[in-house]
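**Student:** Below is one structure. I have some questions about it.
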Amino acid sequence: AIETLLQHFDWMPQSTDEPKPQTDEEDYVDDFGFFPNRSEAEIVSAMRYYHVRNIVRSHRVRTLPTIDTKTETSMDANKDGHYTYSILPFKSTISNAGRGVFIDGFAPAGTLLSFFPGKVWPKEHLMTASLQTQMQFSQNDPRNQLSMRYDDILIDSRQSPYTVVKNLWAAGHIVNHPPPPIKSTMSVEKASESNDDQSSKDNDESSNPTYHFQPRQGPNCVTVPINFTEGLFTDQNDRLREYIPNEYELPPKSWAKDVFEKEKVVMHGMGLIALRDLKDEELFYDYRMSPNENAKGSLYPSWYYVWDVDAAANRWSTDDE
């Protein structure tokens, strides 16, 4: 990605013997997951500016000290159990997937990683939406950027930007679903060790390869509802309101307030938290897509892998018939 920017701005050192990649094809995807040959020169120039800007912002986030609210003193990064991280969109590690989102730095399990930007539809307005709007939701989501909270509040990220962002962490809508697991054969020694106590069972199966899943596959983060409450923006924190990456399509009605909301909610949102310790890797979360029962053949797109079959069956009442 850095070399892509150096070449664009003619900052790349001239003395290099490495062959340059073929970048003149229309379908060429750069290291940011961007198709420069499909855009006009002015768009490419603007995108490169924001690519540089976001990388610089990410670096500053990781290096600037954080204030300990208890002692009102600064803490250096990666000292005293304090971790710094940011996220950046780059070319996904999934073939032909376009962009992906990567964590830059280290975040322990349970860390809030990202927000889902976009318009927020409260449940009561979804129920009374026009037929045209409902058709838009059900038939016009080519990139799977409509996200539903467990309380039936919808986050519509279809018009949200990928690169020109106010909040650097507002990139949850371009985090990919994890690809299918990769299986590899176990070594002969490990396979024989695991089968020592079953040597007399099904001798005819001894010629079949034994498979195991590679580690660190599947989702590494999970969606969570987030309520931005009035108490978060008191005193000097009031300036943080501008970083909320959401706005209501229609504001919630007063009678629809959740009985569990003890504080006034400024905005309903959604985010991603880490399922395990993460460091310098691509983020993946389970889309939990609803099966298309009217589709011919498979209930899901060809690229989609159901990571939790039992949960999908419980959630959508599907049967393996």
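**Student:** May I ask you to say which residue of Lys190, Lys166, Lys183 is modelled with pLDDT of 80 or more and either touching a helix residue (DSSP H, G or I) at 6+ places or on another chain (Cβ under 9 Å) or among the charged types (D, E, K, R) (or both)?
**Tutor:** Selected residue: Lys166, the only one of Lys190, Lys166, Lys183 that is modelled with pLDDT of 80 or more and either touching a helix residue (DSSP H, G or I) at 6+ places or on another chain (Cβ under 9 Å) or among the charged types (D, E, K, R) (or both).
**Student:** May I pose another question? Name the strands (runs of 3 or more DSSP E) wholly within the stretch 86-154 that hold at least 2 residues that are closer than 27 Å to Ala1 by Cα and open to solvent by less than 50 Å² (accessible area, probe 1.4 Å)?
**Tutor:** 99-107, 112-115
**Student:** Let me ask something else. Which number in (1) surrounded by 13 or more Cβ atoms within 10 Å (Cβ to Cβ); (2) at pLDDT below 85 marks the one condition that Ser200 misses?
**Tutor:** For Ser200, the failing item is (1).
Yes/no per residue for (1) at pLDDT 90 or above; (2) farther than 16 Å from Asp152 by Cα; (3) of a type outside the set (S, T, N, Q):
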| site | (1), (2), (3) |
| --- | --- |
| Asn227 | yes, no, no |
| Leu240 | yes, yes, yes |
| Val266 | yes, yes, yes |
| Arg288 | yes, no, yes |
| Gly297 | no, yes, yes |
| Ser317 | no, yes, no |
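**Student:** Does Met267 qualify as being part of a loop (DSSP other than H, G, I, E, B) and of a type outside the set (D, E, K, R)?
**Tutor:** no
**Student:** Please verify whether Asn167 is surrounded by fewer than 16 Cβ atoms within 10 Å (Cβ to Cβ) and of a type outside the set (Gly, Ala, Ser), treating the condition exactly as stated.
**Tutor:** yes
The values are calculated or read from the model by the stated rules, or taken from the named source; none is laboratory data. This structure is a prediction, so every number in the text was calculated from the model and none was measured. Using ideal geometry, Cβ is built from the backbone for each residue, glycine included, and neighbour counts are taken over all protein chains shown. Just so you know, the surface numbers come from the protein's heavy atoms only, side chains and all, with ligands and any DNA or RNA stripped out. Shrake-Rupley method; radii C 1.70, N 1.55, O 1.52, S 1.80 Å.
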